[in-house]
Amino acid sequence: MIPHHTLTGPDDAPVLVLGNALGTTTGLWRDFSLPFRLLRFDHRGHGSSAPVPGPCTIETLASDVVELLDHLGLRQVYYCGVSLGGMVGMWLAAHTDRISRLALICTTAWYPDKSGWDERITALRSGGMEPLADTIVSRWFTPAFPPAEVARFRAELLEVDVASYIACAEAIRDMDLRPDLPKIDAPTVVIAAAQDHATPTEFARHIADDLPDSELYIVADAAHLAVVEAPRTISVILDDHFGNDRT
């Protein structure tokens with residue numbers, strides 16, 4: 001399926017695809033200003049994308065991106081993904097030739113302890129999103145982050161199709177991208193947040209250690225959605241990384 005998407009920026013600039021975290025939409029990148037043609041998209045059942053018709057995997061979600069690139073006539077692109085978006089990026093870079101440079105933010109190649117995902121999925125099936133919303137969003141930001149912004153992201157989370165969220169959560173729980181990491185030859189920047197309890201910094205270190213060509217950065221004053229809490233810091237890192245490939 002072709003996900004909902006927007007493509008903005010100079011026609012002659014390189015295309016940078018931006019992949020969102022689970023439970024977020026293209027609004028995740030609202031405060032970013034980068035000198036690229038930005039392709040934002042919503043995962044299945046998120047934002048304006050159609051709900052998922054059934055179970056899916058990281059490969060399924062990555063195939064949506066490939067279909068989107070084909071639809072837009074884009075042969076090769078830069079890719080930057082947060083959390084679930086980063087997992088999709090790892091799969092794309094390992095299994096296709098569509099990604100020339102890669103950025104992975106607050107993500108992991110696998111979860112050694114899957115019990116938290118099992119508990120979340122069970123709770124979602126029995127009670128929906130509302131009872132879990134505060135717990136989920138509290139992991140996204142540091143306590144100092146403005147409450148009005150937290151409320152905005154909470155409201156977006158409550159608009160996500162619950163069945164699609166569960167399908168994506170199961171894809172995250174069941175994935176193991178570790179064997180794919182040595183296959184990724186695209187230059188990669190790995191960014192972690194020091195206060196991220198959803199994907200702690202050691203997960204980012206494991207990714208960086210197994211990638212053939214990577215740099216690791218740790219952002220101090222941010223949690224899981226570091227692109228929202230520290231957009232300027234991360235924009236500088238991304239501009240430097242992707243800018244190195246500009247002609």
Label zone at residue 59 (point 7 Å along Cα-to-Cβ), backbone N below 16 Å, the stretch 88-131: 88-97
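Set the Förster radius R0 to 22 Å, insert the Cβ-Cβ distance between residue 12 and residue 76 as r into 1/(1 + (r/R0)^6), and round the FRET efficiency to 0.05. Could the numbers behind the result be given before it?
Working: r = 16 Å, r/R0 = 0.71.
So the FRET efficiency works out to roughly 0.90.
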With all protein chains modelled, accessible area of residue 202 [1.4 Å, Å²]: 90
With a 1.4 Å probe and every protein chain left in place, tell me how much accessible area residue 118 has, in Å² to the nearest 10. 70
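Looking at the square roots a ≥ b ≥ c of the eigenvalues of the Cα gyration tensor of the stretch 109-225, which shape do they give, rounded for a/c under 1.5, prolate if a/b is larger than b/c, or oblate?
Numbers: a/c = 2.41, a/b = 1.39, b/c = 1.73.
Oblate, since a/c reaches 1.5 and b/c is not below a/b.
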Express the accessible area of the chain per residue in Å², computed with a 1.4 Å probe while the remaining protein chains stay in the model. 41
Would you tell me the accessible area of residue 114, worked out with a 1.4 angstrom probe on the heavy atoms of the protein chains, in Å² to the nearest 10? 70
Read phi for every residue in the stretch 83-92 and hand back ³J(HN,Hα) as whole Hz from Karplus 6.51 cos²θ - 1.76 cosθ + 1.60, θ = phi - 60°, with x for Gly and Pro. 6, 4, x, x, 4, 4, x, 4, 4, 4
From the C-alpha gyration tensor of the stretch 1-142, pull out the three semi-axes of the equivalent ellipsoid (sqrt of 5λ each), sorted largest to smallest, in whole Å. 27, 16, 15
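What does DSSP give for the chain in terms of the percent of beta bridges that are antiparallel, rounded to the nearest 5?
On the way: 5 of 29 bridges.
If I count the DSSP bridges inside the chain, around 15 percent turn out antiparallel.
Find the Cα radius of gyration of the stretch 1-55, compare it with 2.2 N^0.38 Å by division, and give the number to two decimals. Show your work: numbers first, answer last.
On the way: Rg = 12.1 Å, N = 55, 2.2 N^0.38 = 10.1 Å.
Compactness ratio reported: 1.20.
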Among 101, 205, 30, determine the one that fluctuates most according to a GNM of the chain built with springs between C-alpha atoms less than 10 Å apart. 30
How far apart, in nanometres, would the label points at residue 118 and residue 244 be if each is projected 7 angstrom from Cα along the Cα-to-Cβ direction? 4.2
So, counting K/R as plus one and D/E as minus one, what does the shell of residues with Cβ under 12 Å around residue 173 add up to? -4
Most fluctuating residue given options 106, 168, 56, as computed from a GNM of the chain linking Cα atoms under 10 Å: 56
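If 145, 242 are ordered by their accessible area, calculated over protein heavy atoms with a 1.4 Å probe, which sequence runs from highest to lowest? Don't skip to the end; give the middle numbers.
On the way: 145 30, 242 0 Å².
Descending accessible area places them as 145, 242.
The values are calculated or read from the model by the stated rules, or taken from the named source; none is laboratory data. Keep in mind that this is a model prediction, so the values were computed, not measured. All Cβ positions, glycine included, derive from the backbone under ideal geometry; neighbour counts span all protein chains shown. Heads up: the accessible areas ignore ligands, DNA and RNA and are worked out on the full protein's heavy atoms, side chains in. Shrake-Rupley method; radii C 1.70, N 1.55, O 1.52, S 1.80 Å.
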